[in-house]
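Everything on this sheet refers to the single structure shown next.
The values are calculated or read from the model by the stated rules, or taken from the named source; none is laboratory data. Every value quoted in this text rests on a predicted model; they were computed, and no experiment measured them. Neighbour counts are summed over all protein chains in view; Cβ atoms, including those assigned to glycine, are modelled from backbone coordinates with ideal geometry. Just the protein is used for accessible areas: all its heavy atoms, side chains included, with ligands, DNA and RNA removed. Shrake-Rupley method; radii C 1.70, N 1.55, O 1.52, S 1.80 Å.
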Amino acid sequence: MSGCPLQRISLTDHVLRDGQHVALRLGDPPTPVPEPVADLLLDYLQALPASTPAINQNSPWLFPGRRASQPMNPATLRDALRELGIPAEKGRTSAIRQLVLQAPAPVIAQALGYHDKSTTRIATDAGAPWKHYAPGDHSRR
């Protein structure tokens, strides 16, 4: 899979259902999807075959692209979200801000595939308690 964060989480088999709960396989353990987002996600999955381009009908992607076996271009998805009034950049920054308040910025950067300077800047702006964390190997030799 590509290094693009969107493509890492956009396979339809990453959406898990156990009858009452919906989760996304972003890592281990899967991440619960809260209501009403869970219902929206399940409705989207049900409508997906009708809205998928004919050339990509058997695609495993949650957001199929126009080319066979390819996901939607991240910029195309971003533009579609903007048209719906969803500010993706603000949501992403807010989510990262919450994460860097819970763990060191370099750890979050590595886990999400971001540059550590970006997450460190967000952590500094958020007043993160991990600002004195020294990344690297701390094992004794």
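Here region 86-101 is the region considered, the condition is being open to solvent by 60 Å² or more (accessible area, probe 1.4 Å) and at pLDDT below 85, and the residue that is farthest from residue 122 (Cα to Cα) is 86. The set of residues in region 102-113 being loosely packed, with under 14 Cβ neighbours inside 10 Å and not polar (S, T, N, Q) consists of 111, 113.
Is it the case that some residue within region 62-76 is assigned to a helix (DSSP H, G or I), modelled with pLDDT of 80 or more and surrounded by fewer than 12 Cβ atoms within 10 Å (Cβ to Cβ)? The answer is yes; a qualifying residue exists. Only one of the listed residues (49, 60, 64) is in contact (Cβ under 8 Å) with a residue 40 or more places away in the chain and under 15 Å from residue 13 (Cα atoms). That residue is 60.
Listed by first and then second residue, the pairs with beta-carbon distance under 9 Å, at least 6 apart or on different chains, first residue in region 7-18 and closer than 15 Å to residue 29 by Cα and surrounded by 14 or more Cβ atoms within 10 Å (Cβ to Cβ), second at pLDDT 75 or above and among the basic types (Lys, Arg), are 9/25; 14/25; 15/25; 16/25. Residue 133 meets all of the listed conditions (1) farther than 20 Å from residue 26 by Cα; (2) modelled with pLDDT of 85 or more but one, namely (2).
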